[in-house]
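**Q** One structure is given below, represented as structure tokens, and several questions about it will come after.
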Amino acid sequence: MVEQVTAAPSRNAASAAGPVLSRPKRLREVEGGEESRLPLPIHEFSRVLGGGVVPGSIVLIGGDPGIGKSTLLLQASWILAGASGPVLYVSGEESERQMKMRAVRISEGMSGGEPESSSSSAGKSGGAAAFPESLFLVTETRLDAILEHVQALSPRILIIDSIQTVYLPELTSSAGSVSQVRECAARLQTLAKSSGMAVFLIGHVTKEGVLAGPRVLEHIVDTVLYLEGDRFQSYRLLRAVKNRFGAVAEVGVFEMRGDGLAEVSNPSEAFLAERAAQSPGSAIAVVMEGTRPLLIEIQGLTSPAAYGTPRRTPNGVDLYRLLLISAVLTRRAGLRVAEEDIFLNVVGGIRIDEPAADLAMAVAIASSMKDRPVAADLVLIGEIGLSGELRAVSQTNARLREAAALGFRRAIVPKTVRRGEGPPKGIEIIPCRSLREAIASALVPHE
Ligand code: TYD
Ligand code: MG
């Protein structure tokens, strides 16, 4: 339960409203079409935004703490400050010195990889790029103070790191509470729309998505991006889950390095390179997280049970699901797992509730049992029925598009998939009726 305190309505209503400025227009009179965008030469970022930064828009970037949100936005600020004009980076979490330290780290990367990034800024020297003239930093948490800074500086772009730390003193609730976050975002949105300044809000999300913040904000802002990845691995995915100015299926891939986030412009290569050294017992599932498809590696390991009842040890999936899959493997696919201990692990600490990952789980176990790896460019999509049949899952095409975008070239899907839209380009579909058939097609033959 979260207490919500509403602000005294009197002052708000009078001062914020002002005279009526809007006027209905005929559709054909509305000037139109494409918004003019500020170019952002970080292509993976720009593509996810829909092709650049839209003036007057408000973008929320969510993600777990420590995933690299501040790094990504500092890099973007750096480039935008050079190309488009003043950028104000407001941090409620770090001092200016700390931000400077991060900037020093990323300065190495700013000059090297992207020649166009610093082309319009004045001085370029040797290894590290020169700090851009019009990038301003401030540590502040009071929204009224932030708005004053904006007045004084009139930046083209404002970054708020993070929305959970800013607050309006006139509301009695604490920073990060639902009412603070919502009210602050609403004020910033009004400002963005009236001034044409683009605003980026950073928001923290906990694993369960429980934090009062981003969820409340999703309908206020124009664009919602998530930066995701395993903190202990270097890849980061930037994903659009809502975008008024572009497609939502877009994914940008980055790698966290010593000098900031580097674009991975060919994710297929990157992902497949890691899978090349694959050993048996690993398969790729495509699960939906809300509306978002996510590719996840599933690992299975079987080992002869010493005595007594063989153990079934799931990590990241339901025990019941694992028991069911083991039973189907034994009875319908002719795999002698009854005498084996089975371990099943979802890589990256993610939890899967979806039956669509059944096939990948079963194949990971079969792969370990038969000691034959799964083909490296293959994803597996499908629910397993009790008679060993593969059953269609929802949103197959969204899953396939994601797999294709991440460089996978083949997919095993249930044969029952209805031919409506037709599968997306760039990925070969291998329809299978049964688990037995799928295992035969998925595993690489012995030499
Ligand atoms: P940060 O951007 O502070 O994450 P967030 O704002 O999402 O909380 O950075 C997170 C991690 O990235 C931090 O643990 C240090 C690491 N990092 C690098 O590996 N290389 C770098 O160049 C930078 C700036 C950070
Ligand atoms: Mg941060």
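The values are calculated or read from the model by the stated rules, or taken from the named source; none is laboratory data. On a predicted model such as this, the values are computed, not experimentally measured, just so you know. Here the Cβ is made from the backbone with ideal geometry for all residues, glycine too, and neighbour counts use every protein chain on show. When the accessible area is computed, the model is the full protein with side chains, heavy atoms only, and any ligands, DNA or RNA have been set aside. Shrake-Rupley method; radii C 1.70, N 1.55, O 1.52, S 1.80 Å.
**Q** If you check Glu340, Glu402, Glu389, Glu437, which single one turns out to be charged (D, E, K, R) and within 31 Å of the chain's Cα centre (by Cα)?
**A** Just a single option satisfies the conditions, and that option is Glu402.
**Q** Let me ask another. Among the residues of segment 26-64, what is the count of those that are in a loop (DSSP other than H, G, I, E, B), more than 13 Å from Leu227 (Cα to Cα) and either among the hydrophobic types (A, V, I, L, M, F, W, C) or within 16 Å of ligand 2 (Cβ to nearest atom) (or both)?
**A** At the first step, the residues of segment 26-64 found to be in a loop (DSSP other than H, G, I, E, B) are 26, 30-37, 39-42, 50-52, 54-57, 64.
Those still in the list that are more than 13 Å from Leu227 (Cα to Cα) too: 26, 30-37, 39-42, 50-52, 54-57.
The next check asks that each one be either among the hydrophobic types (A, V, I, L, M, F, W, C) or within 16 Å of ligand 2 (Cβ to nearest atom) (or both); those that pass are 30, 40, 42, 54.
Number satisfying all stated conditions: 4.
**Q** Anything in segment 80-99 that is in a helix (DSSP H, G or I), touching a Ser or Thr at 6+ places or on another chain (Cβ under 7 Å) and within 13 Å of ligand 2 (Cβ to nearest atom)? List them, or say none.
**A** Selection gives Met99 alone.
**Q** How many residues are open to solvent by less than 10 Å² (accessible area, probe 1.4 Å), among the polar types (S, T, N, Q) and away from ligand 1 (no atom under 16 Å from the Cβ) if we restrict to segment 52-91?
**A** 1
**Q** If you check every pair at least six apart or on different chains, which have Cβ atoms under 7 Å apart with a residue in segment 26-43 that is at pLDDT below 85 first and a residue that is open to solvent by less than 90 Å² (accessible area, probe 1.4 Å) second?
**A** Glu35/Val54; Glu35/Phe245
**Q** Would you confirm, using the coordinates I've provided, whether Ser303 is of a type in the set (Gly, Ala, Ser) and touching a helix residue (DSSP H, G or I) at 6+ places or on another chain (Cβ under 8 Å)?
**A** Answer is no for this residue.
**Q** Find the residue count for segment 32-76, including only residues that are among the small types (Gly, Ala, Ser) and out of contact with any Leu (no Cβ under 8 Å at 6 or more places or on another chain).
**A** Of the residues in segment 32-76, 9 are among the small types (Gly, Ala, Ser) and out of contact with any Leu (no Cβ under 8 Å at 6 or more places or on another chain).
**Q** Scan segment 325-346 for residues that are of a type outside the set (Asp, Glu), out of contact with any helix residue (DSSP H, G or I) (no Cβ under 8 Å at 6 or more places or on another chain) and surrounded by fewer than 18 Cβ atoms within 10 Å (Cβ to Cβ) and jot them down.
**A** Selection gives Ala327, Thr330, Arg331.
**Q** Of all residues in segment 311-323, how many are open to solvent by less than 30 Å² (accessible area, probe 1.4 Å) and at pLDDT below 95?
**A** Number of matching residues: 2.
**Q** Testing Ser120 on (1) modelled with pLDDT under 50; (2) of a type outside the set (Val, Ile, Thr); (3) surrounded by 16 or more Cβ atoms within 10 Å (Cβ to Cβ), one condition comes back false. Which one is that?
**A** Among (1) modelled with pLDDT under 50; (2) of a type outside the set (Val, Ile, Thr); (3) surrounded by 16 or more Cβ atoms within 10 Å (Cβ to Cβ), the lone unmet condition for Ser120 is (3).
**Q** Looking at segment 93-107, I want the residues that are touching a residue at least 24 places away in the same chain (Cβ under 8 Å) and surrounded by 13 or more Cβ atoms within 10 Å (Cβ to Cβ) and have a partner that is of a type in the set (Ser, Thr, Tyr) and in a helix (DSSP H, G or I) with Cβ atoms under 7 Å, at least 6 apart or on another chain. Which pairs are those?
**A** Here the result reads Arg102/Ser70; Arg102/Thr71; Ile106/Thr71, each pair linking segment 93-107 to a residue that is of a type in the set (Ser, Thr, Tyr) and in a helix (DSSP H, G or I).
**Q** Also: Here is a check on your reading of the model: is Ala103 within 12 Å of ligand 1 (Cβ to nearest atom), of a type outside the set (Phe, Trp, Tyr) and at pLDDT 90 or above?
**A** Judged against the criteria, Ala103 is a match.
**Q** Might you check whether a residue that is more than 16 Å from Leu227 (Cβ to Cβ) and in a helix (DSSP H, G or I) occurs anywhere in segment 65-79? It would help to see each step written out before you state the result.
**A** If we filter segment 65-79 for residues that are more than 16 Å from Leu227 (Cβ to Cβ), which is where we start, we get 78-79.
With in a helix (DSSP H, G or I) added as a condition, the list becomes 78-79.
Among the residues of segment 65-79, at least one is more than 16 Å from Leu227 (Cβ to Cβ) and in a helix (DSSP H, G or I), which makes the answer yes.
**Q** Within segment 368-390, can you find the residues that are touching a Ser or Thr at 6+ places or on another chain (Cβ under 7 Å) and at negative phi?
**A** Across segment 368-390, the qualifying residues are Ser368, Met369, Pro373, Val374, Ile381, Glu389, Leu390.
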